[in-house]
1. Once you have the Cα-Cα distance between LYS87 and VAL105, take 0.36 nm times their residue separation minus that, and quote the gain in nm to one decimal.
2. Give a residue-ordered list of calculated ³J(HN,Hα) values for segment 72-79 (Karplus: 6.51 cos²θ - 1.76 cosθ + 1.60, θ = phi - 60°; whole Hz; x for Gly, Pro).
3. Sort segment 54-111 into rounded, prolate or oblate with this rule: let a ≥ b ≥ c be the square roots of the eigenvalues of the Cα gyration tensor; rounded if a/c is under 1.5, and if a/c is not under 1.5, prolate when a/b is larger than b/c, oblate otherwise.
Amino acid sequence: MGMISDVPATVATVKNPSSKIVYDEYNHERFPPGDPSKRAFAYFVLSGGRFVLSMSASKDVLALASLEVDLSSIELGSTVTVKWRGKPVFIRRRTEEDIKTANSVDLASQG
């Protein structure tokens, strides 16, 4: 197989496939399977996912998450949106008329 000087080596290999694989020992070092010098890296990669997941808060901790909002600063009839655990929470300070309207709804007749 002749050398193609104006084409990158990867392109030449794709255009002229060969059953012989040449491994460049000069640029790459081969390690046998289970080599002790590579074991630490393998353990890190294989157990890294579990370690990252273990750093997230557990469900009981998330259940105790709280949010404090000063309700005295909300004016009558206005709505405030705050974020709690990344989700919006809508707080509305209802007027007397809003409360009467809500209490007048017959829940038994609702489907």
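Nothing in this text is a laboratory measurement; each read-out follows from the coordinates by a stated rule. Please read these numbers as outputs of a predicted model, since none were measured by experiment.
1. The LYS87-VAL105 span can extend by a further 3.6 nm.
2. 5, 7, 8, 7, 4, x, 9, 10
3. Oblate, since a/c reaches 1.5 and b/c is not below a/b.
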